[in-house]
Amino acid sequence: MFHLYYRPMKRISFLLSVLLTLTACTGTPKEKKQVQELPKQEIRKARGFRTDIPLDSIHLSDPCIMADKATAMYYMTGTGGRMWKSRDLARWEGPYHIALTDSSSWMGPRPQIWAAEFHQYNGKYYYFATFTNNAIKIDTVAGNVIPRRASHVLVSDTPEGPYLPMADPTYLPDDMPTLDGTFWVDTDGKPYMVYCGEWLQNLNGTMEKIELKADLSGSVGEGKVLFRASDSPWSREKIDGKIVPNRVTDGPWLFRTGTGRLGMIWTSWIYDVYTQGVAYSTSGTLDGPWVQEPEPITPPNFGHGMLFQDLNGKWLMSVHSHRDVGHYIRIPHLFEIDLSGDKLVVGKRFIP
């Protein structure tokens, strides 16, 4: 998540319907229980909706693309809770509003939505995203006021959404800012969220995991640190005149190579340049240990990547670049990827 420079964005929120049902209990009177039932919603065109948009004409941070074989369509999301769709990766239509939140939850009526991802799992479509409620302050560290921010999961029956809340109101501790949650099923067959513990609070950003319930409706147990920002040999910044490892962890994405090796791409900084590296797990599981590659894997000013196969099976990486024109403009880009060997190899820019 390119979270140092984000501005609040408008969000759609809705009130969840609560129905009362009677549940029979053997030998006891019937009692009332609250059952959450999600109202049917339609996706809506967002402001600035267009058709036939070239990919590099879309302004979007943290682009995530899902190739859905059932609909023969590509769906792209990222920061903002919106969606674009395309049949060929070259021309897109959108944006659509697809992420709907519960205004009575900790998120409030207008949460910021960052670094959203699509994941298909067990017949459902899931929307992993970071939500921020600036009206709730959870900490102040080194003069920085830290708002309530957390990775969370929404669900839909279709890739187009809308994506709606599930039963549990929280996945991660409410006194800890977390972001950029992604999804992985580990070798134990259990689903996990991998996410970042924000450096603004811990001063050395973490990469962590937490087990999810079987239907992804909540988390199980506590999070575990996998590695820290300072483990990176390639990221750096200058503090009090000294060059030190950068403190930021951003944008994890898990993958396996052709030899079965477990890897994770993630993003940090080299001074003021957004940069992406990769780490590999020596155990082949999320528990690691994780060994960082010595050099970045993408050119400067490309980061927050994710991997997907196009509808023909070709591996691609989606990333964004940015430039400062008085405010930051972020553009999605694609790179060719080779996963056939023991390491991820980033190839040339892919122009659909």
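When the residues of the stretch 291-304 are narrowed to those that are in contact with a Phe, Trp or Tyr (Cβ under 6 Å, 6 or more places away or on another chain) and buried (at least 20 other Cβ atoms within 10 Å of the Cβ), which ends up farthest from Trp199 (Cα to Cα)?
Here the residue is Pro296.
Restricting attention to the stretch 173-192, which residues are buried (at least 18 other Cβ atoms within 10 Å of the Cβ) and either out of contact with any Asp or Glu (no Cβ under 9 Å at 6 or more places or on another chain) or not in a loop (DSSP other than H, G, I, E, B) (or both)?
Answer for the stretch 173-192, where residues must be buried (at least 18 other Cβ atoms within 10 Å of the Cβ) and either out of contact with any Asp or Glu (no Cβ under 9 Å at 6 or more places or on another chain) or not in a loop (DSSP other than H, G, I, E, B) (or both): Thr178, Leu179, Asp180, Gly181, Thr182, Phe183, Trp184, Pro191, Tyr192.
In this structure, does Gly221 turn out to be open to solvent by 60 Å² or more (accessible area, probe 1.4 Å) and of a type in the set (Gly, Ala, Ser)?
Taking the combined requirement at face value, the residue satisfies it.
Filter the stretch 135-156 down to the residues that are open to solvent by 60 Å² or more (accessible area, probe 1.4 Å) and of a type in the set (S, T, N, Q) and list them by number.
The answer is Thr140, Asn144.
Within the stretch 267-296, which residues are touching a Ser or Thr at 6+ places or on another chain (Cβ under 8 Å) and either in a loop (DSSP other than H, G, I, E, B) or under 14 Å from Asp342 (Cβ atoms) (or both)?
Within the stretch 267-296, Gly284, Thr285, Asp287, Gly288, Pro289, Val291, Pro296 meet the criteria.
Is one or more of the residues making up the stretch 259-271 open to solvent by 40 Å² or more (accessible area, probe 1.4 Å), under 25 Å from Ile146 (Cα atoms), more than 18 Å from the chain's Cα centre (by Cα) and in contact (Cβ under 8 Å) with a residue 12 or more places away in the chain?
Among the residues of the stretch 259-271, at least one is open to solvent by 40 Å² or more (accessible area, probe 1.4 Å), under 25 Å from Ile146 (Cα atoms), more than 18 Å from the chain's Cα centre (by Cα) and in contact (Cβ under 8 Å) with a residue 12 or more places away in the chain, which makes the answer yes.
Within the stretch 318-332, can one find any residue that is touching a Leu at 6+ places or on another chain (Cβ under 6 Å), part of a strand (DSSP E or B) and open to solvent by 20 Å² or more (accessible area, probe 1.4 Å)?
Looking through the stretch 318-332, none of the residues is touching a Leu at 6+ places or on another chain (Cβ under 6 Å), part of a strand (DSSP E or B) and open to solvent by 20 Å² or more (accessible area, probe 1.4 Å).
Which residues, taken from the stretch 81-90, are modelled with pLDDT of 95 or more and more than 19 Å from Phe350 (Cβ to Cβ)?
Arg82, Met83, listed by residue number.
Looking at Thr77, Thr51, can you tell me which residue is surrounded by 15 or more Cβ atoms within 10 Å (Cβ to Cβ) and either touching a Leu at 6+ places or on another chain (Cβ under 6 Å) or of a type in the set (S, T, N, Q) (or both)?
Thr77
Looking at the stretch 228-250, can you tell me whether even one residue there is open to solvent by 70 Å² or more (accessible area, probe 1.4 Å), in contact (Cβ under 8 Å) with a residue 24 or more places away in the chain and under 30 Å from Lys124 (Cα atoms)?
no
Condition first: in contact (Cβ under 8 Å) with a residue 40 or more places away in the chain and in contact with a strand residue (DSSP E or B) (Cβ under 6 Å, 6 or more places away or on another chain). Now tell me which residues in the stretch 187-197 satisfy that.
Of everything in the stretch 187-197, those that are in contact (Cβ under 8 Å) with a residue 40 or more places away in the chain and in contact with a strand residue (DSSP E or B) (Cβ under 6 Å, 6 or more places away or on another chain) turn out to be Pro191, Tyr192, Met193, Val194, Tyr195, Cys196, Gly197.
The values are calculated or read from the model by the stated rules, or taken from the named source; none is laboratory data. The model shown is predicted, which means the values in this text are computed figures rather than measured ones. As a convention, Cβ positions derive from the backbone with ideal geometry for all residues, glycine included, and neighbour counts pool all protein chains shown. Just the protein is used for accessible areas: all its heavy atoms, side chains included, with ligands, DNA and RNA removed. Shrake-Rupley method; radii C 1.70, N 1.55, O 1.52, S 1.80 Å.
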